[in-house]
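Below: the structure, in structure tokens.
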Amino acid sequence: MKEYRIPQKENIDLDAFNEPEGAVYTYADYLKWDFEEIVELIKGKIFAKAAAPNRRHQEVSGNLSAFFWNFLKGHSCKVYSAPFDVRLSRDPDFSKIDSVVQPDISVICDLSKLDDKGCWGAPDLIVEILSPGNSRVEVQNKYELYEEYGVREYCVVHPTDCTVLIYTLIGGKFQPSRLFTSGDQINSSVIPGFSLDLEDVFEG
């Protein structure tokens with residue numbers, strides 16, 4: 001399949017960018033871009049993240065990041081918040097990586113996956129906090145991508161509805177939890193001993 005290249009330039013307007021039909025991009029392209037929006041690459045296709053997440057999104061993200069950071073102090077796992085590049089590929093060659101995402105929160109326990117660019121390979125745990133800017137295609141594509149590359153636990157948080165759905169990887173396939181809501185206590189199958197009171201998470 002032919003790979004198209006975007007010329008290196010500054011302040012590209014993604015809405016005005018005329019993406020060629022059938023275009024497939026790689027991490028090598030991604031590193032050259034200077035879009036006005038934050039973008040992710042999923043199977044070679046460009047997806048724009050919400051340029052300015054709303055206040056509710058940021059409150060929930062801040063609460064979750066603080067809980068993870070405080071618990072993981074002194075542990076071997078590390079937590080990172082977006083913007084933080086996660087490169088999902090079987091091949092580390094920048095010209096062959098076609099998926100680069102920026103999860104809201106990533107927990108990585110295999111520290112050999114970390115480098116100055118971010119993370120190469122699947123984090124152990126990913127949290128995505130939905131916002132009005134998320135498209136159904138983006139959400140579905142990320143679900144499939146995280147399952148394919150072996151993310152062990154994937155949490156989808158709806159900050160307005162105050163709900164959390166946890167997908168746990170079992171036998172290579174995601175198995176969903178029940179829908180948790182404010183007041184529920186949730187535990188992680190990936191981080192032993194870690195639990196959250198969702199009332200604290202959605203406090204704002």
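The values are calculated or read from the model by the stated rules, or taken from the named source; none is laboratory data. Just so we're clear, the structure is a prediction, and the values are computed from it rather than from any experiment. Here the Cβ is made from the backbone with ideal geometry for all residues, glycine too, and neighbour counts use every protein chain on show. All accessible areas refer to the heavy atoms of the entire protein, side chains included, with ligands and DNA or RNA removed. Shrake-Rupley method; radii C 1.70, N 1.55, O 1.52, S 1.80 Å.
Taking the range 84-93, which residues are closer than 21 Å to residue 143 by Cβ and either surrounded by fewer than 17 Cβ atoms within 10 Å (Cβ to Cβ) or aliphatic (A, V, I, L, M) (or both)?
Kept after step one, since they are closer than 21 Å to residue 143 by Cβ, are these residues of the range 84-93: 84-90.
Answer for the range 84-93, where residues must be closer than 21 Å to residue 143 by Cβ and either surrounded by fewer than 17 Cβ atoms within 10 Å (Cβ to Cβ) or aliphatic (A, V, I, L, M) (or both): 86, 88, 90.
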Exercise for the section: Restricting attention to the range 153-200, report how many residues are under 18 Å from residue 106 (Cβ atoms), out of contact with any Phe, Trp or Tyr (no Cβ under 8 Å at 6 or more places or on another chain) and among the polar types (S, T, N, Q). Expected result: 1
Practice task
Only residues that are buried (at least 19 other Cβ atoms within 10 Å of the Cβ) and hydrophobic (A, V, I, L, M, F, W, C): list them for the range 171-189, please.
Solution key: 180
Fill in the blank from the handout: By residue number, the members of the range 124-136 that are closer than 21 Å to residue 173 by Cβ, touching a residue at least 24 places away in the same chain (Cβ under 8 Å) and not in a loop (DSSP other than H, G, I, E, B) are 125, 126, 127, 128
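Taking the conditions exactly as written (open to solvent by less than 10 Å² (accessible area, probe 1.4 Å) and among the hydroxyl-bearing types (Ser, Thr, Tyr)), does residue 106 satisfy them or not?
Numbers: open to solvent by less than 10 Å² (accessible area, probe 1.4 Å): yes; among the hydroxyl-bearing types (Ser, Thr, Tyr): yes.
So residue 106 fits the description; yes.
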Completion exercise
Of (1) over 25 Å from residue 198 (Cα atoms); (2) crowded, with 17+ Cβ neighbours inside 10 Å, residue 65 fails just (1)
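Across the range 40-94, which residue is farthest from residue 201 (Cα to Cα) among those that are of a type in the set (Phe, Trp, Tyr) and in a loop (DSSP other than H, G, I, E, B)? First the steps, then the outcome.
We begin by selecting, within the range 40-94, every residue of a type in the set (Phe, Trp, Tyr); these are 47, 67-69, 71, 80, 84, 94.
Filter again for in a loop (DSSP other than H, G, I, E, B), leaving 84, 94.
On the way: 84: 22, 94: 37 Å.
Among those that are of a type in the set (Phe, Trp, Tyr) and in a loop (DSSP other than H, G, I, E, B), it is 94.
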Exercise for the section: Exactly one condition in (1) surrounded by fewer than 18 Cβ atoms within 10 Å (Cβ to Cβ); (2) assigned to a loop (DSSP other than H, G, I, E, B); (3) of a type in the set (A, V, I, L, M) is not met by residue 28; state its number. Expected result: (2)
Completion exercise
Among (1) part of a strand (DSSP E or B); (2) open to solvent by less than 10 Å² (accessible area, probe 1.4 Å), residue 168 falls short only on (2)
Handout entry: Scope the range 48-92; condition touching a residue at least 12 places away in the same chain (Cβ under 8 Å), of a type in the set (Lys, Arg) and farther than 19 Å from residue 38 by Cβ; matching residues
Key = 78
Problem - Positions within the range 103-123 being out of contact with any Phe, Trp or Tyr (no Cβ under 6 Å at 6 or more places or on another chain) and either over 19 Å from residue 168 (Cβ atoms) or among the β-branched types (Val, Ile, Thr) (or both), in sequence order - result: 105, 107, 108, 111, 112, 114, 115, 116, 117, 119, 120
Practice task
Please work out which residue is modelled with the lowest pLDDT, limiting yourself to the range 141-158 and to residues that are open to solvent by 30 Å² or more (accessible area, probe 1.4 Å) and touching a strand residue (DSSP E or B) at 6+ places or on another chain (Cβ under 6 Å).
Solution key: 141
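Quickly run through the range 109-120 and pick out the residues that are of a type in the set (A, V, I, L, M, F, W, C), in a strand (DSSP E or B) and open to solvent by less than 50 Å² (accessible area, probe 1.4 Å).
First, pick out the residues of the range 109-120 that are of a type in the set (A, V, I, L, M, F, W, C): 109, 111, 114, 119-120.
Okay, now just the ones that are also in a strand (DSSP E or B), so 114, 119-120.
Answer for the range 109-120, where residues must be of a type in the set (A, V, I, L, M, F, W, C), in a strand (DSSP E or B) and open to solvent by less than 50 Å² (accessible area, probe 1.4 Å): 114, 119.
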Fill in the blank from the handout: If we keep only residues of the range 34-62 that are surrounded by 18 or more Cβ atoms within 10 Å (Cβ to Cβ) and modelled with pLDDT of 90 or more, then the residue farthest from residue 155 (Cα to Cα) is 46
